[in-house]
Amino acid sequence: MTTKSKFEPNELDAEFDNFWQKETVFITMFMMLCFEILVFLIYTINVYYSPALKTVSRFLHMNEHLAGVTLLAFGNSSADLFSNLASVEVNVPVFANSLSSALFVTMVCGGLVCYISPFQMNAYETIRDILFLILGTFLMDYFMTVKTISSEVTFSIVAFVYVIYILVNVADLYLLRRALDSIGKQIDELLNAEQTPENLLKLRHLERKYEYYSQDTRKVEVYEKNSIVTSTRMRFTTMRMVRTYRVSVNRRFTRLVKHDRTLPKNRGIFKEFLLGLRPIKCKDWRKAELLSRVLLLLRAPIVVLCALYIPLVDYEMEKHGWNKLLNSINMMVNPALSISVLMAFIHSKGNTLWYIVIKDQLIYGAYSLVITVPIAVFVLIQSRTDIPPSYHWAFTVMNLTGSMFIIFICATEIDTLFEVISSLMAIDDDFMGATIKAFTGNLGTLFINAALAAHGYPRMAYASSIGGPLFTIIVTANTVNYVRNLVGSENMHRDQMEEYGNFAFVFLSMGLFSILLWSTTLGFFARRSVGLYSMGLYIIYIIFSMLVQRKVIHSFTPNKQLSAAFGDI
């Protein structure tokens, strides 16, 4: 007597088709949500983060390179550090993922900067940064291989390398400015001296030297967007693109353009507030085509949310973006919401999502209102609507931190969504960490660097493409491994290279040495062709990783030793 199965063949096929259809629907919904978050990310970077970064860099008297390797590199890479520390018990090969992330930022983000806006590098700064990154990568690889050295010594040595790197960059800018002042005094003395042939020869030599040094010591300028590098006229990818002169913004004019003391101090305050919250400008809607209007509709809730949360400080705009009533509301909303979300991230354990926990953490944000409400009332009473107050620069801090907070949340959510998609599609976690997560985790870096390059700051963007990976490898991987050792995590004994770590290490080394090669060969001019080469090298890495994942080729990891089942063969 035969037993009848629970499902007939036709029923099994129907169940399988039904499951596959549901999976396809969920994946499509997740991809649509990822696109909306991506729009959120791009809007925040272009409208809020880029102007704030330029403002803070100028306020701290930094040049483009120092701002790139400090402020921008830390802002781009710190989210990865905090997320890894929050999940220190999770079974993840941090060093292998850090190498993959560094490879993506150096090759793809750096290559995209070269492609968007070719520029003249500083020879000494470029060589120094690349050598520091090579030193940090090889040093971490050595300590990951050699287990005899204590974790305290390893952590101290690697951390000291990063401290030296920052100090060298700061000292370099200081010494350059001292040298520039000294050359300027020598030029003044020669101008006042007798105009002999020898003095004229010295004068021309000093002027050329002064011109060379001044390019690397001047503070970050705020340029008009219509005067930025244009990329439309070019014949070949290896040729230099046609440039227009960059015009600095007249910050005094943009600040005082609407000022009129004869008018009331609160004139048009509510009209200005409503205009600041409008999701779509009528002029943009009339000019837009069908696809652009769809994007404007998708962006509409994002515009309102950002306007309520982030105070805009942009020297290119009239009144530097000052909106009296809206900025007063920002002063209360920004700290309260930031504290609440931060506490939600801290208290979310395991797989618990932060927006489920946030309802219990809103009380912490409410505490900040005790301080921010009186300050907001003072601003409403003291300031005018037609001119920003003298302390308007302080809003830049909330602008910068709020933008970084949104960028971190967007990148984290996209990363989480791709984790769900990879689970549905049964993709290996190590492969995801080496490829997809390296991309999703650095989406903020990709768009920030692209926006800065398009706005005329390629040196700052490219410096962060080197300084950010150095922070990821030396600070993030080193700190997480040390914390794992302190808490006695089971993951501290796991192989930190896994299947794809050695691949990333080899390709990162190839990429860094190739940068040294083409930069010296091309006279330290970053052309479009080298940007394409860098991105092509990363594509080859992705192809190799896919072939390893498909078991077509073998990875660089050694084969596991096999023991005989019976006896000693």
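Can you work out which of the residues in region 535-552 that are of a type in the set (F, W, Y) and closer than 13 Å to I436 by Cα is surrounded by the fewest Cβ atoms within 10 Å (Cβ to Cβ)? Steps first, please.
So in region 535-552, the residues of a type in the set (F, W, Y) come out as 538, 541, 544.
Next, from what is left, pick out any that are closer than 13 Å to I436 by Cα: 538, 541.
Values: Y538: 20, Y541: 25.
Selected residue: Y538.
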*Is at least one residue of region 89-106 in contact with a Ser or Thr (Cβ under 6 Å, 6 or more places away or on another chain) and in a loop (DSSP other than H, G, I, E, B)?*
yes
*asked:* Just to be sure I understand, how many residues within region 21-55 are open to solvent by less than 30 Å² (accessible area, probe 1.4 Å), among the β-branched types (V, I, T) and closer than 18 Å to I406 by Cα?
replied: 4
*Taking region 269-320 as the search range and keeping residues that are under 26 Å from L53 (Cα atoms), acidic (D, E) and part of a loop (DSSP other than H, G, I, E, B), which one is least open to solvent (accessible area, probe 1.4 Å)?*
D314
*asked:* Quick check on my filter: what residues within region 107-126 are open to solvent by 10 Å² or more (accessible area, probe 1.4 Å) and part of a helix (DSSP H, G or I)?
replied: V108, L112, Y115, I116, A123, Y124, E125, T126
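Going by the conditions given, is N91 open to solvent by less than 40 Å² (accessible area, probe 1.4 Å) and in contact with a helix residue (DSSP H, G or I) (Cβ under 7 Å, 6 or more places away or on another chain)?
In short, no.
Let's see how each residue does on (1) crowded, with 23+ Cβ neighbours inside 10 Å; (2) over 15 Å from the mean Cα position of the chain (by Cα):
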{"position": "F408", "(1), (2)": "no, no"}
{"position": "T416", "(1), (2)": "no, yes"}
{"position": "I436", "(1), (2)": "no, yes"}
{"position": "F439", "(1), (2)": "no, no"}
{"position": "N449", "(1), (2)": "yes, no"}
{"position": "L452", "(1), (2)": "yes, no"}
{"position": "Y462", "(1), (2)": "yes, no"}
{"position": "T479", "(1), (2)": "no, yes"}
{"position": "R484", "(1), (2)": "no, yes"}
*Within region 493-500, is there a residue that is touching a helix residue (DSSP H, G or I) at 6+ places or on another chain (Cβ under 7 Å) and not in a loop (DSSP other than H, G, I, E, B)?*
no
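The values are calculated or read from the model by the stated rules, or taken from the named source; none is laboratory data. Because the structure is a prediction, the values reported are computed rather than measured. Because the Cβ atoms are built from the backbone with ideal geometry, glycine has one as well, and the counts that use them run over all protein chains shown. Heavy atoms of the whole protein, side chains included, go into the accessibility calculation; ligands, DNA and RNA do not. Shrake-Rupley method; radii C 1.70, N 1.55, O 1.52, S 1.80 Å.
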